[in-house]
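First comes the structure, then the notes that go with it.
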Amino acid sequence: MDLKATSFLKTIFLLLAFTLPLRHAHSLGDEAFISKSELSPSSLLLADSNNTIPILVDEADEWGLIRAARDLSVDFERVTGHEAMLVHKSNKKLKTAIIVGTLEKSKFIGQLAKERKIDVSSIRDKWEAYHIEIVDSPLPHIDRALVIAGSDKRGAIFGVYEVSEQIGVSPWYWWADAPIKQSETLYATLDAPIQDAPKVKYRGIFLNDEAPALTGWVHENYGDFNSEFYVHVFELLLRLKSNFLWPAMWNNAFADDDEQNMILAHKYGIVMSTSHHEPMMRADHEWNRYGEGPWDYARNPDRLDEFWREGAQRNKPYDSIYTIGMRGQADTPMSETEDIDLLEKIVKAQREILSEVFDDRPLEDVPQVWALYKEVQGYYESGMRVPDDVILLWCDDNWGNIRRLPTVEERERSGGAGVYYHFDYVGGPRSYRWINVIQLAKIWEQMNLAYQYDANQIWLTNVGDLKPMEFPITYFLDLAWDIEDWPKEQIPEYGQLFARSIFGDQYAAEIAELLADYTRHNGRRKPELQEASTYSLLNYREAERIEAELIDMESRAEALYEKIPETAKSAFFQLVYYPVRASSTITRMYIAQGRNLLFAEQGRASTNHWADQVELLFDLNKELEDLYHGDATNGKWNHMMSQPRIGYTHWNNPPADTLPPVMRNRPNQVADMGVAMEGMTAAWPAEGNSYALPTFTPHGAKERYLEIFNKGTVPFEFTATPSEPWVLLTQDKGSVTDTLRLPVSVDWDKVPEGKSKAVIDVRGTGWGSARIAINVTNPTDIEANGFVEADGYISIDAASFSRKTEAQGISWQVIPELGRTGDSVSTFPVNDFSTEDLKDAPFLEYDLTFFSTGEFVIDTLWAPTWPIVPGRGLRYAIAIDDQIPQVVDLHENRDHSLWQESVRNGVRSSTSNHTIDSPGPHTLRIYRIDPATTLQKIIIDTGDLQPSYLGPEESDYVTTK
């Protein structure tokens, strides 16, 4: 059944609670309603060179709204040079105004609604909705006004900050030094009212894993995680239209460190909670400070009950969500075994405490959440349940893959469900905490599943130190506000809109490309998991291709940094330049280490050069960090990039970046030739080896290479002589001081049909010569169509399908920018049912041409999505031509080591075996069985596939004439 038809009552509730008609506003993407020039005679002047429109707000309205209105006043000054006067009474001096208020508390908004000058029926009683409209003669003495009405405090605040962003103040003006878009004149132009409200109820972030970076910065600037610090976080969240926060907790206790923390969070409009392992609004460190006895409910229930009661009583006046349940201290499992009876007893006691403390309201009106994190989900799967009014917070696997989502029956629960997601993590298989490694498309693919499965009560993401996650935080919270505004087709556009919102139009497209490129690169393999062997130095020129991409990325960032206006350089450094250069530097360092170790094994004199390069790049990593902490940001963000990221030996980071080990040699002061071949570790003249280049085929690599290198310090002369005229060399002699790369190709007009062999004889110093075998396969009797076998494989990016067939309203569709090498494909719309009869299954077809026959392995690479619903894995079916399709379960083997490998690599690999009896054209078909299967790449091993991290580049595609 369609997900949106699973519960009529639930659907009606969601429509009433979270969706609104009329025009929606969003600063990224939607048409602006504020401009620098008068767009029509009906435009309302907000500011000119002399004056700025006053802001009228009822002094009896919400404190948090009045404070936000004051921000808007200051924002006008930032943009125009003139602060907007904040007034609380309508008088004759006001000809025009911005009128701000909530439906319940503002006498001005109430009067406008009563006199039907604004129609607020669509936002009344809605959660965090706002209405923006230009009104003629709204109040006595006022000719025209821009009216911002909120259904509640946060709704009005979000409307205010919508105007702030539209006049030119980015939500990131403080946290990323986004430049203010200054203008003397501002006009509002609205043909129709704007009304908007969120699709997800609670939307927020978790400050976590916050030492040493954020902690060092906070201690230097504020002394501690106190209210002076947190008000900056609160304001950022509200400007991003979010409302929810799990505070820093490693060495802190939010409500205990500074009593103003909780008070101001409530007054600002931020809903506070405590993390998945901190029950009842008590921080983990509060037990260290005040707890008596063990953190063990079986042995110490009375003291724990009192501890939790104090938390509920302390937070009763404030807007909070109470985490229930219990884990061990310091975010560890409560016990080695599932003690469901004990945990049910704990939840019952916590609910009784809440019922007693909140004796003025029904218990179901006290927001509560149970985080099904790690082993706690096992409790649930084993049968433990909590009352229906408790929000179930489903969690990802700490690597951005949601483990489980609500079933049809679970969607009927009154408390609903949410998702706890990760941009940052401390734990296995290896922590990643330093830089942004998140592709927007990955966030969309997972959170779209959450939305379609009605996990829409809480969307919370672990953002680590907050910086440098500005880009994915903005996207995540925009999706939470209204994911329907951001379909997958707009993923590439989002980067441009984000760049434009901060840096303007001129360089937005170039900046967006850099954002997409560096996040794709980091998503392939997180920097903390990289090593010398990550990208192959031997096969498919993989390391060279990655290095070329990175150098190009760096040069584009450098060029833009020179052109960006001075006022935007700090923001550009933080959001673009540093993550590009620093991410590139780490990978290039490991590639240099790989060369150093390989060349040491081959005895090259250049071994030491690559050891030097490793050290230079290691030092550059520190230089870039120092720039971030100093000159590039005017010293504002000292400590923020201090998280160690080089030198991991197990799951946790080293105490400091550690130089990777390198080899050094002492070349003799002689001439001494060596010859290395593409695809081989061993280099001539090492004994016991046969030296050959990879086989040439017509549709494969156009050239191979030899590297003639010096093992000593004295230059030498060489000659290279092929045995057949169809072997082409770019030069047949020359001088070698260090290394000379000699490209080798073939003249296909002269190559005989079938298999041929030749030899290249390379002579230089000493006795003898290197004889390098050249093997060629030239199958000229087969007409090719589709992706063509070459070099022992066929490689296909999933989005390059030849055809697709829809079934039962479901079709395969492209998710742009998702994946390590190209786009991905998945099936939409997302629903609950699996297609057991393949005659009813949507499928993809890929045209192929084989020149060889036999039993081949097809390796399909999928997004590492979890099964998300209990009772089955994620299945697909695969067949070539009219063979019986093979049904493959991506999760048939759920060994922990396979999960670790999938998250390290960013893909889950699945294999199937297929027999090809005849060469020539064939068709590969892939069927959808279960929803949420997302395909990235297909690699067919026809006998000579070589190891590499990303697999070979996409094969040639030939169309039959």
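The values are calculated or read from the model by the stated rules, or taken from the named source; none is laboratory data. Keep in mind it's a predicted model, so treat the numbers as computed, not measured. Positions of Cβ are generated from backbone atoms using ideal geometry, with glycine treated the same way; all protein chains shown enter the neighbour counts.
So ALA548 fits all but one of (1) surrounded by fewer than 19 Cβ atoms within 10 Å (Cβ to Cβ); (2) touching a helix residue (DSSP H, G or I) at 6+ places or on another chain (Cβ under 9 Å); (3) closer than 30 Å to GLY700 by Cα; what number is the exception?
The failed condition is (2).
Between THR923, THR933, THR960, THR915, which is within 18 Å of PRO885 (Cα to Cα) and surrounded by fewer than 16 Cβ atoms within 10 Å (Cβ to Cβ)?
On the way: THR923 fails: surrounded by fewer than 16 Cβ atoms within 10 Å (Cβ to Cβ); THR933 fails: surrounded by fewer than 16 Cβ atoms within 10 Å (Cβ to Cβ); THR960 fails: within 18 Å of PRO885 (Cα to Cα).
Within the list THR923, THR933, THR960, THR915, the selection yields THR915.
What about GLU235, is it within 30 Å of the chain's Cα centre (by Cα), modelled with pLDDT of 95 or more, among the acidic types (Asp, Glu) and assigned to a helix (DSSP H, G or I)? Step through it out loud before you land on a result.
On the way: within 30 Å of the chain's Cα centre (by Cα): yes; modelled with pLDDT of 95 or more: yes; among the acidic types (Asp, Glu): yes; assigned to a helix (DSSP H, G or I): yes.
Yes: the conditions hold for GLU235.
Of TRP459, TRP399, which residue is over 20 Å from ARG520 (Cα atoms) and not hydroxyl-bearing (Ser, Thr, Tyr)? Explain how you work it out, then say what you get.
Values: TRP399 fails: over 20 Å from ARG520 (Cα atoms).
The unique qualifying residue is TRP459.
Out of all the residues in the stretch 304-312, is one or more of a type in the set (Lys, Arg) and crowded, with 19+ Cβ neighbours inside 10 Å?
Within the stretch 304-312, the subset of a type in the set (Lys, Arg) is 309.
Filter again for crowded, with 19+ Cβ neighbours inside 10 Å, leaving 309.
Among the residues of the stretch 304-312, at least one is of a type in the set (Lys, Arg) and crowded, with 19+ Cβ neighbours inside 10 Å, which makes the answer yes.
Within the stretch 781-829, which residues are farther than 30 Å from ASP517 by Cβ, free of Cβ contacts under 8 Å to residues at least 60 places away in the same chain and either crowded, with 21+ Cβ neighbours inside 10 Å or of a type in the set (Ser, Thr, Tyr) (or both)?
Of everything in the stretch 781-829, just one residue is farther than 30 Å from ASP517 by Cβ, free of Cβ contacts under 8 Å to residues at least 60 places away in the same chain and either crowded, with 21+ Cβ neighbours inside 10 Å or of a type in the set (Ser, Thr, Tyr) (or both), namely THR805.
Mind checking which residues of the stretch 791-817 are assigned to a loop (DSSP other than H, G, I, E, B), touching a helix residue (DSSP H, G or I) at 6+ places or on another chain (Cβ under 9 Å) and polar (S, T, N, Q)?
Taking the stretch 791-817 and keeping what is assigned to a loop (DSSP other than H, G, I, E, B), we get 791-792, 798-802, 806, 808-809, 816-817.
Adding the requirement that they be touching a helix residue (DSSP H, G or I) at 6+ places or on another chain (Cβ under 9 Å) leaves 808, 816-817.
Residue satisfying the conditions is GLN808 alone.
With the condition being under 29 Å from TRP127 (Cβ atoms) and in contact (Cβ under 8 Å) with a residue 60 or more places away in the chain, I'd like the helices (runs of 4 or more DSSP H) fully within the stretch 246-299 carrying at least 1 qualifying residues. Walk me through how you get there before you give the answer.
Numbers: elements: 254-257, 259-268, 284-290.
Per the criteria, 254-257, 259-268.
Out of curiosity, is ASP319 farther than 19 Å from GLU278 by Cα, at pLDDT 95 or above and crowded, with 16+ Cβ neighbours inside 10 Å? If you could, list the steps in order and put the result at the bottom.
Values: farther than 19 Å from GLU278 by Cα: no; at pLDDT 95 or above: yes; crowded, with 16+ Cβ neighbours inside 10 Å: yes.
Considered against the rule, which asks whether it is farther than 19 Å from GLU278 by Cα, at pLDDT 95 or above and crowded, with 16+ Cβ neighbours inside 10 Å, ASP319 comes out as no.
So SER106 fits all but one of (1) touching an Asp or Glu at 6+ places or on another chain (Cβ under 8 Å); (2) surrounded by fewer than 17 Cβ atoms within 10 Å (Cβ to Cβ); (3) of a type outside the set (A, V, I, L, M, F, W, C); what number is the exception?
If we test SER106 against (1) touching an Asp or Glu at 6+ places or on another chain (Cβ under 8 Å); (2) surrounded by fewer than 17 Cβ atoms within 10 Å (Cβ to Cβ); (3) of a type outside the set (A, V, I, L, M, F, W, C), just (2) comes out false.
Please indicate, with yes or no, whether at least one residue in the stretch 573-588 is surrounded by fewer than 23 Cβ atoms within 10 Å (Cβ to Cβ) and not in a helix (DSSP H, G or I).
no
Here are the criteria: (1) crowded, with 23+ Cβ neighbours inside 10 Å; (2) more than 28 Å from GLU513 (Cβ to Cβ). Tell me which single one GLY603 does not satisfy.
(1) is the only condition that GLY603 fails.
When the stretch 429-453 is examined, which residues are found to be more than 15 Å from the chain's Cα centre (by Cα) and of a type in the set (Ser, Thr, Tyr)?
SER431, TYR451, TYR453
Of these, ILE180, ILE132, ILE123, ILE118, which one is outside the structural domain of LYS636 (by TED's automatic domain parsing) and not in a loop (DSSP other than H, G, I, E, B)? It would help to see each step written out before you state the result.
Details: ILE180 fails: not in a loop (DSSP other than H, G, I, E, B); ILE123 fails: not in a loop (DSSP other than H, G, I, E, B); ILE118 fails: not in a loop (DSSP other than H, G, I, E, B).
Among ILE180, ILE132, ILE123, ILE118, only ILE132 is outside the structural domain of LYS636 (by TED's automatic domain parsing) and not in a loop (DSSP other than H, G, I, E, B).
Are there any pairs, at least 6 apart or on different chains, whose C-beta atoms fall under 8 Å, with the first in the stretch 70-83 and assigned by TED's automatic domain parsing to the domain that holds ILE167 and touching a residue at least 24 places away in the same chain (Cβ under 8 Å) and the second aromatic (Phe, Trp, Tyr) and part of a loop (DSSP other than H, G, I, E, B), and if so, which?
ARG78/TYR173
Only one of ARG763, ARG741 is under 47 Å from the mean Cα position of the chain (by Cα) and charged (D, E, K, R). Can you tell me which?
Numbers: ARG763 fails: under 47 Å from the mean Cα position of the chain (by Cα).
Going through ARG763, ARG741 in turn, the sole match is ARG741.
Are there any pairs with C-beta distances below 6 angstrom linking a residue in the stretch 880-896 that is more than 21 Å from ALA932 (Cα to Cα) and surrounded by 14 or more Cβ atoms within 10 Å (Cβ to Cβ) to a residue that is modelled with pLDDT under 95 and of a type in the set (Phe, Trp, Tyr), with the two at least 6 apart or on different chains, and if so which?
Final answer for the pair search is none.
Would you confirm whether or not the stretch 692-699 contains a residue that is assigned by TED's automatic domain parsing to the domain that holds GLY754 and farther than 30 Å from TYR957 by Cα?
no
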